[in-house]
Amino acid sequence: MLQYEIDVPLYELTGMIGKDGAEKSYWACFDSIDNLQKVHNQVKSEAGFKKKKSLYFAALKKDVSWLKKEFEARKAAKFPVKWLEADEIEKHYQLKNTYGGILSDQGGSIDAFRLAHDTLKFNHKKGLQIFDKTEIIKTEYSKKE
């Protein structure tokens, strides 16, 4: 399952690193799903990428206030999200005992293992050398590109 949410809600991340940095972090994650689809298509992968909706719902009544705060933060950042009440969630997704949630069209699913192998195969044909089960003994860093 692919979702653009990271471990820290947008409204909390804003308090930690500022509005600009938090929104850029979330947009990078949001865009990464579309970028992954492009890679999937470019390497002609059979990993089965599918776009899906994502529902971030409150399973406990006490979670509604912060989830609504998160919804407002995403809306303010222009993310295409919609708030669903519990009855709408039950009607459309057959999930009972929720207390509302954030619906987004930006989600997906993929066989990550297959995509990794298809991507390696694609690049191997272009000259990439692959060293499986090779121990890294030393790493050197330099400022040269």
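Taken together, the residues in the range 35-68 that are in a helix (DSSP H, G or I) and in contact (Cβ under 8 Å) with a residue 60 or more places away in the chain amount to 5. Do we have any residue at all in the range 59-78 that's within 12 Å of the chain's Cα centre (by Cα), surrounded by 15 or more Cβ atoms within 10 Å (Cβ to Cβ) and within 30 Å of residue 91 (Cα to Cα)? Looking for residues that are within 12 Å of the chain's Cα centre (by Cα), surrounded by 15 or more Cβ atoms within 10 Å (Cβ to Cβ) and within 30 Å of residue 91 (Cα to Cα), one finds none in the range 59-78, hence no.
Every residue, every condition in (1) in contact (Cβ under 8 Å) with a residue 40 or more places away in the chain; (2) more than 30 Å from residue 24 (Cβ to Cβ); (3) charged (D, E, K, R), yes or no:
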| position | (1), (2), (3) |
| --- | --- |
| 81 | no, no, no |
| 87 | no, yes, yes |
| 121 | yes, yes, yes |
| 124 | no, yes, no |
| 128 | no, yes, no |
| 138 | no, yes, yes |
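For every residue, the table says whether it meets (1) of a type in the set (Gly, Ala, Ser); (2) open to solvent by 70 Å² or more (accessible area, probe 1.4 Å); (3) not in a helix (DSSP H, G or I).
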| position | (1), (2), (3) |
| --- | --- |
| 90 | no, yes, no |
| 97 | no, yes, yes |
| 102 | no, no, yes |
| 106 | no, no, yes |
| 122 | no, no, no |
| 135 | no, yes, yes |
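Against the conditions (1) within 20 Å of the chain's Cα centre (by Cα); (2) closer than 30 Å to residue 114 by Cβ; (3) among the hydrophobic types (A, V, I, L, M, F, W, C), residue 43 satisfies every one except (1).
Of the residues examined, residue 44 is one that is at pLDDT 95 or above, open to solvent by 60 Å² or more (accessible area, probe 1.4 Å) and touching a Phe, Trp or Tyr at 6+ places or on another chain (Cβ under 8 Å).
Scanning the range 110-120 for residues that are outside any helix (DSSP H, G or I) and open to solvent by 100 Å² or more (accessible area, probe 1.4 Å) yields no hits at all.
Being free of Cβ contacts under 8 Å to residues at least 40 places away in the same chain and among the β-branched types (Val, Ile, Thr) is the filter here; which residues of the range 89-119 pass it? If the condition is that a residue be free of Cβ contacts under 8 Å to residues at least 40 places away in the same chain and among the β-branched types (Val, Ile, Thr), then 89 is the only one that fits.
In the set 51, 24, only one residue is surrounded by fewer than 16 Cβ atoms within 10 Å (Cβ to Cβ) and out of contact with any strand residue (DSSP E or B) (no Cβ under 8 Å at 6 or more places or on another chain); that residue is 24.
Inspect the range 104-113 for any residue being over 27 Å from residue 32 (Cα atoms) and either touching a strand residue (DSSP E or B) at 6+ places or on another chain (Cβ under 7 Å) or of a type outside the set (A, V, I, L, M, F, W, C) (or both) and give the result as yes or no. Checking the range 104-113: not a single residue is over 27 Å from residue 32 (Cα atoms) and either touching a strand residue (DSSP E or B) at 6+ places or on another chain (Cβ under 7 Å) or of a type outside the set (A, V, I, L, M, F, W, C) (or both).
The values are calculated or read from the model by the stated rules, or taken from the named source; none is laboratory data. Nothing here was measured: the structure is a model prediction, and the numbers come from that model. Note: ideal-geometry Cβ built from the backbone for every residue, glycine included; neighbour counts use all protein chains shown. Ligands, DNA and RNA are excluded from the accessible area calculation, which covers all protein heavy atoms including side chains. Shrake-Rupley method; radii C 1.70, N 1.55, O 1.52, S 1.80 Å.
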